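The values are calculated or read from the model by the stated rules, or taken from the named source; none is laboratory data. Predicted model, so just to flag it, every value in this text is computed and none were measured. A quick note on method: Cβ atoms are made from the backbone with ideal geometry, for glycine too, and the neighbour counts reach across all protein chains shown. SASA here: full protein model, heavy atoms, side chains in, ligands and nucleic acids out. Shrake-Rupley method; radii C 1.70, N 1.55, O 1.52, S 1.80 Å.
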Amino acid sequence: MSPNRAWARQLAALAAFLALWEGAARAGLVNPFFLPPPSKVGGVLLTLLSEGSIWPHLYATFLAAFLGLLAGIGAGAVLGFAGALAAYVAELLVPVMILLNAVPRVILAPLFVIWLGIDIESKVALSFVLVAVVMFFAVYSGIKDVDRRLIERVKTLGGGRWVLLREVYLPSVVVWVMGGMKVAVGFAFTGAVVGEFVASSRGLGYLLSFAQSTYNAALSIALVLLVIAFVLLLFGAADLLERRLLRWKYR
Amino acid sequence: MLRVSKVTLSYGAEPVLEGASLKVETGQFTSLVGPSGSGKSSLLRVVMGLQRPKAGLIDLAAGLGQVGILFQDDALLPWRTARENVALGLRARGASKPEAGREAVSWLWRMGLAGFEERYPRELSGGQRKRVAIAQVLALRPSLLLMDEPFASLDAIVRHRLTQDLLRWVEHEKLSVLLVTHDLEEASQGPRASVRECYHVPIPRPRDLVQARAHPAFGPLLGRLWQDLSEEVGELHAATIQPLRREA
Ligand SMILES: Nc1ncnc2c1ncn2[C@@H]1O[C@H](COP(=O)(O)OP(=O)(O)O)[C@@H](O)[C@H]1O
Ligand SMILES: [Mg+2]
């Protein structure tokens, strides 16, 4: 039971699961209309990718999620930073953020469509709001509990505000942003896909709602797999970035 | 060099310092001894301007820029290498990046850390981190050095060697030192150890910790210190009076 074989066991379990599913569908134990076998889903996936009609949709969703992610991280980090360092900013921001955190932010989707139209803007906006709130809290609470000793150390070495910012606060923000990154990536895609779900003319969310209205379970599952693949891709990118930015932690 | 007069400090309702006074003469090594929780670290924080006292005066002839402090723990910036950690104070004082880097490296070498310049704190041992912290402070060439139980967390051998290295530098540079500790042996490194009185330590310098311990004056002195200290602690428990309020 060596841990470095864990991936082999996981792969074997996945294969067994897929085989069971395939077998059950072929033996007529499950209705393939509701639960199409993996071979069927795989076929749909292949057609989607080889046909090429899927690409504009993938691009739309990815772009919306990516822009929302970047803007959300930026805004969340800046606001969290400001809130943690200036009490009067926190006074205004924290209640709003708590409120936004408490409600399921996707309820804003229809409003964004009304304001921004059915194109990419409304999806980016939803993605942005979802990401910005989690990033705000990650950075805000992260900065608030920056090790006091480090701050005092830098002060006694003669460091003023600027040195503190550069040597203590900014590196801390990077730590907390990277810590919140995976959650943020998930939220960014949630925002984009749900936004497309509500009203759109392209994107994976649009295709999903199309699949649903035509009762196409195979297409639905194939699209879910595509979203998962995308999120994993971004997770990988986030990991690479983290190893680069937080070299002091991983070297 | 430094005069602390009648400093009073409390965290909330709990009084920590009640009229604490002490004096560090230029070029002298003064030890301040007190049990844990007696407010030694708090006093140093007041001196460094990190904590505002309720009352009292801090008279620093040279100004805060001339004071270096070695804290109880070695909180180095985890995201900066040993060299960058040492260069930090130099850069804060206006040295250019390459200049500060060179100076930092030479201090690391002096502290016996050649080859460890580019390590992150995580990649150093406790003793090595302490050495970086010392280099960080000494690189700024302070004329008054405050030390808050600087070697408390280290094992005996490392501690002994570090003490020796640091003391050698202190003697060489004729630094004024205020060492704060609950450890009487550590305190007896300096000539003035105070609980409520001023003790003269009649052991010739430079001292070696092992030699000092073997010196005939060491035993009786330690005994006296212990006795006075336990009386202070007794008083502390009996009347919840904080012990560090007498003139050194
Ligand atoms: N930041 C703080 N807030 C509240 N109480 C504190 C704080 N720092 C220290 N104290 C209290 O003040 C007393 C003195 O602490 P300290 O100065 O660290 O003593 P010492 O260094 O002699 O061990 C202790 O009772 C401690 O609990
Ligand atoms: Mg202490």
Based solely on C-alpha atoms, express the radius of gyration and the Dmax of region A:90-164 in angstrom. 18.3, 55
Output wanted: per-residue J couplings in Hz (rounded whole) for region A:158-173, from phi through Karplus 6.51 cos²θ - 1.76 cosθ + 1.60, θ = phi - 60°, x for Gly and Pro. x, x, x, 4, 5, 5, 4, 4, 6, 8, 10, 6, 4, x, 5, 4
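Rounded, prolate or oblate for region B:19-63? Axes are the square roots of the Cα gyration tensor eigenvalues, ordered a ≥ b ≥ c, and the cut-off for rounded is a/c under 1.5.
oblate
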In degrees, nearest 10, range 0 to 90: what is the angle between the Cα axis of helix A:87-102 and the longest Cα principal axis of chain A? 20
The answer for the protein assembly as shown, accessible area per residue at 1.4 Å probe in Å², is 49
For B:Leu178, what residues show an amide H to amide H distance below 5 Å, using hydrogens built from the backbone and excluding near sequence neighbours? B:Thr30, B:Leu145, B:Leu146, B:Met147
At 1.4 Å probe size, with the rest of the protein present, what percent of the exposed accessible area of the protein assembly as shown is carbon and sulfur atoms? 63
Provide the per-residue ³J(HN,Hα) series for region A:35-42, in order, calculated from phi with Karplus coefficients 6.51, -1.76, 1.60 and θ = phi - 60°, each as a whole number of Hz, with x at glycine and proline positions. 10, x, x, x, 4, 5, 4, x
What's the total accessible area buried between chains B and A, using a 1.4 Å probe, rounded to the nearest 100 Å²? 2300
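How shielded is A:145-157 by partner chains, expressed as the average number of their Cβ atoms within 10 Å of its Cβ atoms?
Other-chain Cβ atoms within 10 Å of each residue's Cβ, averaged: 6.
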Specify whether the C-alpha gyration tensor of region A:1-80 places it in the rounded, prolate or oblate class, a ≥ b ≥ c being the square roots of the eigenvalues: rounded for a/c under 1.5, otherwise prolate if a/b is larger than b/c and oblate if not. oblate
Flagged links, alpha-carbon separation over 23 Å, of A:Lys123/A:Lys144; B:Lys23/B:Lys174; A:Lys249/B:Lys130: A:Lys123/A:Lys144
Using only C-alpha atoms and all pairs of different ones, pull out the Kirkwood radius for region B:1-141 in Å with one decimal. 16.7
Cα-based Rg / Dmax (Å) for the protein assembly as shown: 31.9, 98
List the residues of region B:17-53 for which accessible area in the full set of protein chains is at least 10 Å² lower than for the chain on its own; 1.4 Å probe, protein heavy atoms only. B:Arg45, B:Met48, B:Leu50
Averaged over its residues, how many other protein chain Cβ atoms are within 10 Å of peptide A:238-251's Cβ atoms? 2
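Could you sort the peptides A:113-119, A:206-212 by per-residue average Cβ neighbour count (10 Å cutoff), highest mean leading?
Peptide ranking by packing, descending: A:206-212, A:113-119.
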For chain A, longest principal axis from Cα atoms; helix A:6-26 axis from its Cα atoms; angle between them, nearest 10 degrees, is 30
For region A:46-93, compute Rh as the Kirkwood radius over C-alpha pairs and then the Stokes-Einstein diffusion coefficient at 25 °C and 0.890 mPa s; write the answer in µm²/s, rounded to an integer. 185
The helix A:217-245 Cα axis meets the longest alpha-carbon principal axis of chain A at an angle in degrees, between 0 and 90 and rounded to 10, of 30
Listed residues A:Gly142, A:Gly203, A:Gly72; largest mean-square fluctuation, Gaussian network over chain A with Cα springs below 10 Å, found at A:Gly142
In units of 2.2 N^0.38 Å, what is the alpha-carbon radius of gyration of chain A? 1.25
Volume per residue that the Cα convex hull of region A:186-251 spans, once the total is divided by residue count, Å³: 81
A correct Karplus calculation of ³J(HN,Hα) over region A:120-132, with 6.51 cos²θ - 1.76 cosθ + 1.60, θ = phi - 60°, whole Hz and x for Gly and Pro, returns 4, 4, 5, 6, 4, 4, 5, 4, 4, 5, 4, 6, 4
Excluding residues on the same chain fewer than 8 positions from B:Lys54, give the lysines whose Cα lies under 19 Å from its Cα. B:Lys6, B:Lys40
